[in-house]
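For reference, the structure is listed below as C-alpha cells.
The values are calculated or read from the model by the stated rules, or taken from the named source; none is laboratory data. Remember, it's a predicted structure, so these values are computed and weren't measured experimentally. Positions of Cβ are generated from backbone atoms using ideal geometry, with glycine treated the same way; all protein chains shown enter the neighbour counts.
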Amino acid sequence: MDLFANLAHGFVVAFSPINLLMCLIGALVGTLVGVLPGIGTIATVAMLLPITFGLPPVGALIMLAGIYYGAQYGGSTTSILVNIPGEATSVVTALDGHQMAKQGRAGPALAIAAIGSFFAGCVATVLIAVLGAPLTKLALAFGPAEYFSLMVLGLIFAVVLAKGSVLKAVAMIVFGLLLSMVGSDIETGASRMAFNIPELADGLGFATVAMGVFGFAEIIRNLDHGAEMDRNLVQQKITGLMPTRKDLADSTPAILRGTVLGSILGILPGGGAVIASFAAYTLEKKLAKDPKRFGRGAIEGVAAPESANNAAAQTSFIPLLTLGIPPNAVMALMVGAMTIHGIVPGPQVMQKQPDLVWGMIASMWIGNLMLIIINLPLVGIWVRLLRVPYRLMFPSIVVFCAIGIYSVNNAPVDVVLAGAFGLIGYWLIKHDFEPAPLLLGMVLGPLMEENLRRALLISRGDWSVFVSRPLSAVLLAIAAGLLVLAVLPTLRAKRDEVFVESEG
Amino acid sequence: MSDTPSEAPVKSILPEWVRGPQDFVGGLAMVAVALFALWASSDLQGMHGFSFGAGTAPRMFAVLLLLLGAAVALMGVLKDGPAIAAYSWRGPLFVSAAIVFFAVSIRPFGLVVSAFAAFLIAALGSHETKWVEAIIVGACLTIGCALLFPYVLGLPMPMFPRFLIQ
C-alpha cells in the first residue's frame, strides 16, 4: 500500500533539520498565541504570512500549520489555570478545567488535556493520510459545475455552523465575494472596481484584509474595554501532574468521542475547532449519567473538548489539501500562504507536491509530540507570560503587523488599506457581523467565479447544468436542505444552545 | 472600499418603528456597499451571448448583497434587537493614526524611526500607558524588528532616514 511509503517519505521530509526547526517554531508561537488572550490564531497566521516569504514552501506551511494546532494546546493551559481562555476553542475547557484547578487538581486537568490533544492529533494525522488519496481521486472527477456546487455547499455549511444570525452570515460571505472581485478580471484582464489605483490592480491583498479585519479590528475592540483586562492570576503550585487511574478511566471514552466528533466537524466546511469543542462538551453533558457534575470539575469536560478541538484543527486540512477548498478562515489563510509560494491548492497538489503534503502531515504528528513536551513541563513559564500587560502588547502588535504588511509588496498603500479594513472590521463587530465568513467568501470568490463561468461556457449558457449533473445536484440539494434546516426554529434553538455554554 | 460609515450619533435620530437599530443600520450599510459596487462596476462589460463578461460576476454579487442587506435591515424593523453599541474614539483614532503614520514615514524615514514612532502613537490609544515603560519596550521592539525583517528574513526595507544616509 502506498500509504506507508507516503508517510515514510513524509517523515523523511519532516525530519530534515530546517523543517524540524520550523515545526518547533510553529508549535512555540502557536502555544504563545494560545496562551495570550486578545490575539487570535487568524491574526497570527496573517501576521506571519509575510515572514514566510524567505522560507522554503514546505517549511513555511509546516510552521503555519504548527501555529494553528499549537494554539489549541496553549489555549487550554490558561483556561485551566487562570480561567482565561486564550482562544475561542478553549472557552468550554475553562468551565470544568478551572474548577478542577480550584480543587487543587490542575495537574491532572492539564495532563488530560495534553493527553487528549495528543491522542486526537495522532488519530487526525492518520485520518488525513488515509483520506487524502481517495478524496483526491474523487476531486479529479469533479467538473466546474461540481466545484461550484461544492463551494456553495461549503459556504452554506460555514453559515449554518457559525454563531449568530444566518442572514447576516450570508451577507458577510457575499460581501467577501464582492471584495474578491476587486482587481483584474482573470479572463478579459479588465480592471474591476480598482479606481485606477495601481496597488488595487492585482486585487485586494488577502493578508491585508485578514490583518485588518482580524488583527487591527481586534485590537481596537479590545481597547474598548480598557487595556487592563481583568486577569486574576491565581498562581497556584501545580502538584502532581499524573492523573489517577479513575481520571484515566473516566476520560478515555470522552477522549475517544471527542476525537471522532472533532474529526468529523473539522472536515466539514465551516466547522473547525471552535464548533468542535462546543459540540463535544455538549455531547458529554448529554451522555453523562450525572450531568450536574459538569461545571463543577468533571474531567470529561476537559478531555472531550480538548481532544475535539485538536482533532478538528488538523482534519480541516483535508478539504484544503485534497479539494483545494478552505473550510474555515485559518485554512483560507493557508491558501494565501500556498499562493504566495506559487502553489495552486487543489487535487493536483497531492501528486505534484508530495514533499509538501506528506511532509506537512508527518510534521503534524511530530508537532504534537513537541507540544506535549513544551506544554507540560513549561506550564509555569507560559502562565507567567500572562503577566505581560496588554498596554504593552497592543502597540507591539500594531507595529509588527504594519511592518509585516508593508513587507509583502513594499507598498505603503497596503498598510493604509489594512488600517481601513481594521476600522471596517471594528464596525462589523459592533454590528454583530462575523468577519470570518467574509474572509472565506473572499478566498472562494475568484474560484467560484471561474468555475461558474467555465460551467456555463461548457453548457453553452444553460443554467440547468448545476442540477442536471447528478453530483452537482446532490451537493446543491444538501446545501438547500441545510439552509432550510438552519432557519427552522427547532434547529435554531439547538444551535444557539450549543453556544450558550460560553456565557457561563 | 474604505468608506467606513460611522453610525455613532444615529441612535437618537432613528425613528420609533426601528426596533433593532443594530441590524437596521448594519443592513442599510450593506445596501450602501452594494450600491457603491454596482456603480463602480457599471462600466464593465456584461454578458455577451452565454459567456460572462468582466462585470457579470461583480454585479451578480452586488445585487445579492443588496437583497441580503435589505433583508437584514427589514429584520431590524420587524424584530426587537440590540441598540447600536457605543463606539469609543481613543482606540480607533490612535491605532489608525499609528498605522497611517507608519505607512507615510516608512519610505522617507526608514524602519527604525517609523516603527518606534508608530509604537508610541499606538500607545496613546490607551489611557493606562506608562511612558517610561512604553519607551523601553518600543525601543526593544524596534531593535528586534530591525534585526528580524531585513537580516533574519532577508526582506529589503529602508532602515534609517534617507537624509542621514546620503
By residue number, the members of the stretch A:422-448 that are more than 11 Å from every other protein chain (Cβ to nearest Cβ) and surrounded by fewer than 22 Cβ atoms within 10 Å (Cβ to Cβ) are A:434, A:447
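Okay, residues lined up against (1) within 9 Å of chain A (Cβ to nearest Cβ); (2) under 24 Å from the mean Cα position of the chain (by Cα):
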position: B:83; (1), (2): no, yes
position: B:104; (1), (2): yes, yes
position: B:123; (1), (2): yes, yes
position: B:127; (1), (2): yes, yes
position: B:131; (1), (2): no, no
The correct count of residues that are farther than 27 Å from residue A:292 by Cα, surrounded by 24 or more Cβ atoms within 10 Å (Cβ to Cβ) and hydrophobic (A, V, I, L, M, F, W, C) in the stretch A:89-135 is 2
Selection from the stretch A:373-416 of residues more than 14 Å from chain B (Cβ to nearest Cβ) and either touching a Lys or Arg at 6+ places or on another chain (Cβ under 7 Å) or of a type in the set (Gly, Ala, Ser) (or both) yields A:380, A:386
All-but-one check, residue A:342 against (1) assigned to a helix (DSSP H, G or I); (2) at positive phi, failing number (1)
Filtering the stretch B:91-102 down to residues that are closer than 13 Å to residue A:224 by Cα and either out of contact with any Gly (no Cβ under 8 Å at 6 or more places or on another chain) or at the interface with chain A (Cβ under 7 Å from one of its Cβ atoms) (or both) yields B:91, B:92, B:95
Checking A:30, A:34, A:38, A:74 in turn, the sole residue that is closer than 29 Å to residue A:394 by Cβ, at pLDDT 85 or above and under 18 Å from the mean Cα position of the chain (by Cα) turns out to be A:30
Out of (1) touching a residue at least 40 places away in the same chain (Cβ under 8 Å); (2) surrounded by fewer than 21 Cβ atoms within 10 Å (Cβ to Cβ), the one residue A:292 does not meet is (1)
Selection from the stretch A:136-149 of residues hydrophobic (A, V, I, L, M, F, W, C) and surrounded by fewer than 23 Cβ atoms within 10 Å (Cβ to Cβ) yields A:138, A:139, A:140, A:141, A:142
Going through the stretch B:145-165 in order, the residues found to be more than 9 Å from chain A (Cβ to nearest Cβ) and in a helix (DSSP H, G or I) are B:146, B:147, B:150, B:151, B:162, B:163, B:164, B:165
Considering the stretch A:375-395, residues that are buried (at least 21 other Cβ atoms within 10 Å of the Cβ) and touching a Gly at 6+ places or on another chain (Cβ under 8 Å), and then whichever is farthest from residue A:220 (Cα to Cα), we arrive at A:375
Going through the stretch A:178-205 in order, the residues found to be over 31 Å from the mean Cα position of the chain (by Cα) and buried (at least 18 other Cβ atoms within 10 Å of the Cβ) are A:191
